[in-house]
Amino acid sequence: MINRRANLAAACYLLLLGVGGAVLAQLAWNSVTRYQSGYAIHADLPTGPPLTSRLVLVVLDGVRVDAAAGMPQLQALASRGSSGVAIAELPSLSNPGRATLATGATPEVHGVTNNGRYSPPPVDSIFSLAKQQGLPVTVYGSYFWQRAFGDSLDSGRVHAFEKELGPSPDAERLAGWQQQICLEMMPVLGDVESGLIVVGLTATDEAAHDFGGESPQYLQVVAAVDTCLGSLVQALGRDDTTFVVVADHGHIQRRGQGGHGGKEPEVVRTPLIFVGRAIARRHGWTARHFDLAPTISALLGLPIPANNQGGILAQVLDLTDQDKATLEAHASEQRMALANGMPDRDQLQADGRRSRAPLSLLAAAWFAALIIGCLWQAGRAVKKLGGAVLVHLAVYFTLYWAFGLGYSLSDIVREEYLNWFFLRNSAAAAIAFLLATRLLKADRLATAIIVTSIFGLRVAWVWYDSGLIMERLMLDLSQAFMAYMDLLHNLAVAVTGVAAAAIARRRELSRRPTPTQP
Ligand SMILES: [Zn+2]
């Protein structure tokens, strides 16, 4: 009777833990996709007179540094100007990255934290500042520019499109699609006499997702994008024009597919090239994506975006030392405004950890006590129980690897595969659990409690370190993503454990002979 009650309590606990964890995971997820920046400040921070009258910003989608090295048109351009590597901010997704290029702010500050769900950034951008100064803006590219910066673009000309490619196009079709868009944009951009022109070339990203960032298919589409870049330069290259070419992120190459969002070097390192009016010849430097907006501001004579977290890349500008010193003075004025207007991030993080410490410590103590308690309770069956836990861990992580899972956002390959990604994680957890308890004939409920407690310890650590619910700070998403996967693992183990224990109990009852009356 005592045993039955204990089993019932264990089953209830496991279900509560699994469902509670899933709710926490959902809250954590929503806190990222519904994140709103609370950091916007506004200030008038002039840079000086314009250095160029027309600036063309070309955003290549998902072009890696090594792929860029094989683009003849891009390299010809680079040899006439200034080239280096620019590091993308995290998460290394297209829309957060595009918002960073336009605002000089990180996703935490501009508020675009993912590709699908976001509000227009409340901070200043090169678009809002251009509008303020009456500078014409022309955008040809992803619908994102319209959706995120539409209010600032109403005076400009916007040609926004969503991709219209149908399911899994091959490299040939992708290259053709890019070529067609290129042909359509040339006459439109050709008669833009001055101001800021933004062009997005996106076919490369599609190819990389489907075939990987080192695949021949990807390189074929990279070549098509390079051809387009060449004709763009030919159509717009004038003495009074400056070109800035950058990629929003790179791509991994894993199991014949690509992906981005994480912090892999091949993903966060991107090419960055300046060429034309007011550009010096200097190569081999490293910059960050948030340096682009203030540098574009300096080139066009716009104010520096108040929330800009980067710096003006003075090394690429063809200026006298005195002009550079003046620019630096403006830049430091902006840094002061930012420091005064924004809270101390390190302090916020330290405060957050301090306030989460008691609860995370309590959770860790609870999970540790459960692990020790279950092993203690097992008595002579402790070897079976311990063995089952070890087998579960070994099988789960082997399947995790075999199913192509990982703890980086890049491992998801495509956002459309998100649910499939999570489903594989749950399947790996359930299979590992069933196999382990069957092989070692271990107590299912006790095994499930120990296994979920081990993963619970890891979640407690992430909870303490970065707080799963992102409110004011957008902390390391790969760590939060790991905790998310752990919570889904626990849900799968809890449900499988309780179901398996219930089935076993029913079988046992039906096998037991009914007592006969004497
Ligand atoms: Zn992409």
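The values are calculated or read from the model by the stated rules, or taken from the named source; none is laboratory data. Because the structure is a prediction, the values reported are computed rather than measured. Quick reminder, even Gly has a Cβ in these numbers, built from the backbone with ideal geometry, and neighbours come from all protein chains shown. The accessibility values were calculated without ligands, DNA or RNA, using every heavy atom of the protein model including side chains. Shrake-Rupley method; radii C 1.70, N 1.55, O 1.52, S 1.80 Å.
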Exercise. Within the stretch 206-224, which residues are within 11 Å of the ligand (Cβ to nearest atom), crowded, with 24+ Cβ neighbours inside 10 Å and assigned to a helix (DSSP H, G or I)?
Worked result: GLU206, ALA207, ALA208
Seminar exercise, completed: Sole miss for SER168 among (1) surrounded by fewer than 21 Cβ atoms within 10 Å (Cβ to Cβ); (2) more than 16 Å from the ligand (Cβ to nearest atom); (3) not aliphatic (A, V, I, L, M) is condition (2)
Problem set entry | the stretch 257-291, subset assigned to a loop (DSSP other than H, G, I, E, B) and within 14 Å of LEU317 (Cβ to Cβ), residue most open to solvent (accessible area, probe 1.4 Å) | ARG281
Exercise. What number goes with the only condition from (1) open to solvent by 10 Å² or more (accessible area, probe 1.4 Å); (2) at pLDDT 95 or above; (3) within 16 Å of the ligand (Cβ to nearest atom) that GLU162 does not pass?
Worked result: (2)
Problem set entry | Residue within the stretch 301-308 that is modelled with pLDDT of 95 or more, in contact with a strand residue (DSSP E or B) (Cβ under 7 Å, 6 or more places away or on another chain) and not in a helix (DSSP H, G or I) present | no
Problem set entry | Whichever residue in the stretch 331-342 is exposed (fewer than 12 other Cβ atoms within 10 Å of the Cβ) and not hydrophobic (A, V, I, L, M, F, W, C) and, among such residues, is nearest to LEU292 (Cα to Cα) | SER332
For this session: Determine, yes or no, whether GLY62 is open to solvent by less than 10 Å² (accessible area, probe 1.4 Å), assigned by TED's automatic domain parsing to the domain that holds GLY195 and within 16 Å of the ligand (Cβ to nearest atom).
Result: yes
Exercise. Can you spot a residue in the stretch 38-45 that is under 21 Å from VAL244 (Cβ atoms) and either of a type in the set (A, V, I, L, M, F, W, C) or outside the structural domain of ASN419 (by TED's automatic domain parsing) (or both)?
Worked result: yes
Exercise. Which residues, taken from the stretch 75-112, are of a type outside the set (Gly, Ala, Ser), within 16 Å of the ligand (Cβ to nearest atom) and either on the phi > 0 side of the Ramachandran plot or in contact (Cβ under 8 Å) with a residue 60 or more places away in the chain (or both)?
Worked result: GLU89, LEU90, PRO91, LEU93, ARG98, THR100, LEU101, PRO107
Problem set entry | Selection within the stretch 245-256 - surrounded by fewer than 24 Cβ atoms within 10 Å (Cβ to Cβ) and either closer than 10 Å to GLY62 by Cα or in contact with a helix residue (DSSP H, G or I) (Cβ under 7 Å, 6 or more places away or on another chain) (or both) | VAL246, GLY256
For this session: Name the residue, out of PHE422, PHE455, that is of a type outside the set (Asp, Glu), under 29 Å from the mean Cα position of the chain (by Cα) and buried (at least 20 other Cβ atoms within 10 Å of the Cβ).
Result: PHE455
For this session: Specify the residue that is surrounded by the fewest Cβ atoms within 10 Å (Cβ to Cβ); the eligible residues are those in the stretch 388-419 that are more than 16 Å from the ligand (Cβ to nearest atom) and of a type in the set (Gly, Ala, Ser).
Result: ALA402
For this session: Test LEU229 against the criterion of being open to solvent by less than 10 Å² (accessible area, probe 1.4 Å), at pLDDT below 95, away from the ligand (no atom under 16 Å from the Cβ) and not in a strand (DSSP E or B), and give yes or no.
Result: no
Exercise. How many residues are within 28 Å of the chain's Cα centre (by Cα), assigned to a loop (DSSP other than H, G, I, E, B) and of a type outside the set (A, V, I, L, M, F, W, C) when one looks only at the stretch 152-196?
Worked result: 8
Seminar exercise, completed: In the set VAL123, VAL199, the lone residue that is at pLDDT 95 or above, closer than 28 Å to TYR35 by Cβ and of a type in the set (A, V, I, L, M) is VAL123
Problem set entry | Only listed residue being modelled with pLDDT of 95 or more, among the polar types (S, T, N, Q) and open to solvent by less than 60 Å² (accessible area, probe 1.4 Å), chosen from SER152, SER94 | SER94
